[in-house]
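Note sheet for the following structure.
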Amino acid sequence: MLTILRHSISILLLPFLVVVVVPYWLLTAFTASDSRWVDSLTIAWLSRFVGGVFFIVGLALFSWCVTLFARVGQGTLAPWDPTRNMVLVGPYRFVRNPMISGVALMLMGQALFWGSWVMAIWAGIFVLINHVYFVLSEEPGLQRRFGEPYRLYKANVPRWLPRIRPWTGK
């Protein structure tokens, strides 16, 4: 029960805020100046479909990563309750930050679904903030916590763009 509470709090405070609360605020606060698809346009329906696919794929990837953090890493996505073990399975064999990629896909999906420039800008800001955070804080912290195994992983698995073949640790 305590584990579920730990994960729920971290999800509510971080990705829920980023993917639900901020987008709701942006879409309502900037209605007059934001763009939206005109329903009669074919591009609108195509973009909504692609946006929906992006959102679902991003949600699935994010959910998979949260599960791996709990089962394998014995921690949460929150910086104040990090994993105790390195997670080197599943999508982490292809890219170092698949959870952030999943959230970014959800935000891009929302931008495409709504045809919203404001949401597209928010997605870009989210990616930029995370890039700076990972370079300046997260990665140095992981190097201190996990040492040489993390350095080897970092040298072989890209930060954002996935490898073609999964890394096997060799």
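Table for the structure above
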| item | result |
| --- | --- |
| Total residues in the range 130-142, condition surrounded by 16 or more Cβ atoms within 10 Å (Cβ to Cβ), of a type in the set (A, V, I, L, M) and over 13 Å from residue 83 (Cβ atoms) | 0 |
| Which listed residue, of 158, 149, is closer than 15 Å to residue 88 by Cα, more than 13 Å from the chain's Cα centre (by Cα) and not in a helix (DSSP H, G or I) | 158 |
| Scope the range 51-97; condition at pLDDT 90 or above, touching a helix residue (DSSP H, G or I) at 6+ places or on another chain (Cβ under 7 Å) and small (Gly, Ala, Ser); matching residues | 51, 52, 58, 90 |
| Residues satisfying the stated conditions in the range 12-49, i.e. surrounded by 12 or more Cβ atoms within 10 Å (Cβ to Cβ), modelled with pLDDT of 90 or more and under 17 Å from the mean Cα position of the chain (by Cα) | 18, 19, 20, 22, 23 |
| Residue check for residue 109: of a type outside the set (Lys, Arg) and at pLDDT 95 or above | yes |
| Contacts under 7 angstrom Cβ, first residue in the range 35-48 being over 13 Å from residue 113 (Cβ atoms), partner modelled with pLDDT of 85 or more and aliphatic (A, V, I, L, M), 6 or more apart | 38/44 |
| Subset of the range 36-54 [part of a helix (DSSP H, G or I), out of contact with any Leu (no Cβ under 7 Å at 6 or more places or on another chain) and hydrophobic (A, V, I, L, M, F, W, C)] | 43, 44, 45, 46, 49, 53 |
| Boolean, residue 9 is over 19 Å from residue 101 (Cβ atoms), of a type outside the set (Lys, Arg) and either at pLDDT below 90 or under 21 Å from the mean Cα position of the chain (by Cα) (or both) | yes |
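Results for (1) assigned to a helix (DSSP H, G or I); (2) touching a residue at least 24 places away in the same chain (Cβ under 8 Å); (3) surrounded by fewer than 20 Cβ atoms within 10 Å (Cβ to Cβ), shown as yes or no for each residue.
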residue: 58; (1), (2), (3): yes, yes, no
residue: 62; (1), (2), (3): yes, yes, no
residue: 69; (1), (2), (3): yes, yes, no
residue: 74; (1), (2), (3): no, no, yes
residue: 83; (1), (2), (3): no, no, yes
residue: 86; (1), (2), (3): no, yes, yes
residue: 92; (1), (2), (3): yes, yes, no
residue: 96; (1), (2), (3): no, yes, no
residue: 103; (1), (2), (3): yes, yes, no
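Yes/no per residue for (1) loosely packed, with under 12 Cβ neighbours inside 10 Å; (2) more than 30 Å from residue 33 (Cβ to Cβ); (3) of a type in the set (D, E, K, R); (4) in contact (Cβ under 8 Å) with a residue 24 or more places away in the chain:
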{"residue": "114", "(1), (2), (3), (4)": "no, no, no, yes"}
{"residue": "119", "(1), (2), (3), (4)": "no, no, no, yes"}
{"residue": "128", "(1), (2), (3), (4)": "yes, no, no, no"}
{"residue": "144", "(1), (2), (3), (4)": "yes, yes, yes, no"}
{"residue": "149", "(1), (2), (3), (4)": "no, yes, no, yes"}
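The values are calculated or read from the model by the stated rules, or taken from the named source; none is laboratory data. This one's a predicted model, so the numbers in the text were calculated from it and none came from an experiment. Please note: Cβ atoms are built from the backbone with ideal geometry, for glycine as well, and neighbour counts cover all protein chains shown.
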